[in-house]
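Input: a single structure, listed below in structure tokens.
The values are calculated or read from the model by the stated rules, or taken from the named source; none is laboratory data. This one's a predicted model, so the numbers in the text were calculated from it and none came from an experiment. Glycine gets a Cβ as well: all are built from the backbone with ideal geometry, and neighbour counts include every protein chain shown. Heads up: the accessible areas ignore ligands, DNA and RNA and are worked out on the full protein's heavy atoms, side chains in. Shrake-Rupley method; radii C 1.70, N 1.55, O 1.52, S 1.80 Å.
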Amino acid sequence: MKKVLITGITGYIGGTIAKKLLDRNYEVTGLVRNEAHVHELESLGIKTIVGNIHNEDLIKAAVSDVDAVIHNADSADDAYAVDNFIKALEGSHKTFIFTSGSAIFGGKENGKKSDFIFREDFPLQPRLEMASRVMINNYVLQSVNKDIRSIVIVPTMVYGEGLGIKKDSIQIPALVNFSQKKGYGVYFGEGENIWSNLHIEDLANLYVLALEKAKGGSVYYAENGYSSLKNIAEIISRKYNLEPAQSLSIQDAVDNFGPTGGYFGFASNSRCSAEKARTELDWNPIYNSIENFI
């Protein structure tokens, strides 16, 4: 039985990965920030460690007792936490899977469409706002030279019901809630910007396959379909019996969701291909229509 440590295990993605691993008879331990969810996690068969990802001694002790780490806390931009894990894992030949985010593909297009599709072998030239995230990804991948089996997974817009404690994703529920407050489906600018997307269970299955089959130093983009933000807004209007979808300004997006959410989460393009995961890992995602899950 392989032992896996998961950060962000009370979250949407982390909790779903944990369920998939438990179903495959892995021993799963979750690193949690406080004791509030300990009983609930342990009732699911998950061991727990209470502590902080910025506690170097705790991280070192935690990784010493597992075969792999899936770092999935809200930390795609947290270089300190990543460095703690790399230091603790150096020379161990253990697996480190890091969760990034596909906002790195965004061009701050302010609701305009881009047809460019990113693949893993395309050199990234991120905007200033996303440069540090790409540097962190590269740092993780280069840790293969420190005898760490390092892997980076880059999810796109994730939808569907989570299998862990947290059931809801981030982007779609945020748009639904905001649209309900406004009384109409909301998009920003032209709303022609496109995001690749995938179902939470398909994403979690990719993590399992990466854990079991991926080569160290590999990065995988994760998608199985795409949609424009205007299309999503129109679906929200129909499904929740709201007025026809309307455009708001990019500044409205920034005011309501912050600069990262406004410019990149809801007004940029984030489109990629997951052909590498399909080819190398035999990943066969099942769900291909976000429209059925809004």
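Scanning the chain for GluC sites (Glu not before Pro) in DSSP loops with at most 14 other Cβ atoms within 10 Å, what's the longest stretch left with none?
On the way: sites that count: 90, 161.
Between the exposed loop sites, the longest stretch runs 162-294.
Helix 200-213 versus the longest principal axis of the chain: what angle, 0 to 90°, nearest 10, using Cα atoms? Roughly 30 degrees between the two axes. Sorting 93-102, 170-179, 250-259 by their mean Cβ neighbour count within 10 Å, with the most densely packed peptide first, gives 93-102, 170-179, 250-259.
Evaluate the charge dipole of segment 226-294 about its Cα centre and quote only its size in Debye, nearest 20, assuming +1 on the Cβ of each Lys and Arg and -1 on the Cβ of each Asp and Glu. Before the final figure, lay out the partial values.
Working: 6 positive and 8 negative charges, 21 e Å.
Magnitude of the dipole: close to 100 debye.
Helical runs (DSSP H, four residues minimum) scored at -39500 (n - 2.57) apiece and divided by the length of the chain put the mean residue ellipticity at 222 nm at -11000 deg cm²/dmol. Summing Lys and Arg as +1 and Asp and Glu as -1 over all other residues whose Cβ lies under 14 Å from the Cβ of residue 66 gives a net charge of +3. When only Cα pairs below 8 angstrom with a gap of at least 6 residues are kept, segment 143-294 shows a relative contact order of 33 percent. Farthest toward the positive end of the dipole of the chain, out of 209, 188, 165, is the Cα of 209, where the dipole comes from beta carbon charges about the Cα centre. With 20 Å as the limit on Cα-Cα distance, the pairs of 87/146; 2/167; 94/166; 87/166 that go past it are 2/167; 94/166; 87/166.
Per residue, the accessible area of the chain comes to 45 Å², computed with a 1.4 Å probe over protein heavy atoms only. Against the main long axis of the alpha-carbon atoms of the chain, helix 229-239 sits at an angle near 80°.
About its Cα centre, what dipole magnitude does the chain give when the only charges are +1 on Lys and Arg Cβ and -1 on Asp and Glu Cβ, stated in debye to the nearest 20?
Values: 30 positive and 36 negative charges, 38 e Å.
Roughly 180 debye, rounded to the nearest 20.
Sequence-distant contacts, meaning Cα pairs under 8 Å at least 6 residues apart, place the relative contact order of segment 67-174 at 33 percent. Using C-alpha pairs below 8 Å separated by at least 6 residues, the relative contact order for the chain is 21 percent. When you work out D = kT/(6 pi eta Rh) for segment 168-294 at 10 °C and 1.306 mPa s, using the Kirkwood radius from C-alpha pairs as Rh and the Stokes-Einstein form, the result is 102 µm²/s. Once the C-beta distance of residue 122 and residue 278 is scaled by a Förster radius of 25 Å, the resulting FRET efficiency is 0.90 to the nearest 0.05.
Between [x] 17.9, 52; [y] 18.9, 58; [z] 35.2, 127, which matches Rg and Dmax of the Cα atoms in Å calculated for the structure shown? Of the listed options [x] 17.9, 52; [y] 18.9, 58; [z] 35.2, 127, [y] comes from this structure.
Can you give the FRET efficiency to the nearest 0.05 for residue 110 and residue 292, using r as the Cβ-Cβ distance and R₀ = 30 Å?
Values: r = 29 Å, r/R0 = 0.96.
My answer for the efficiency is 0.55.
Kindly express, to the nearest 10 degrees and within the range 0 to 90, the angle between helix 128-142's C-alpha long axis and the longest C-alpha principal axis of the chain. Approximately 30 degrees, to the nearest ten.
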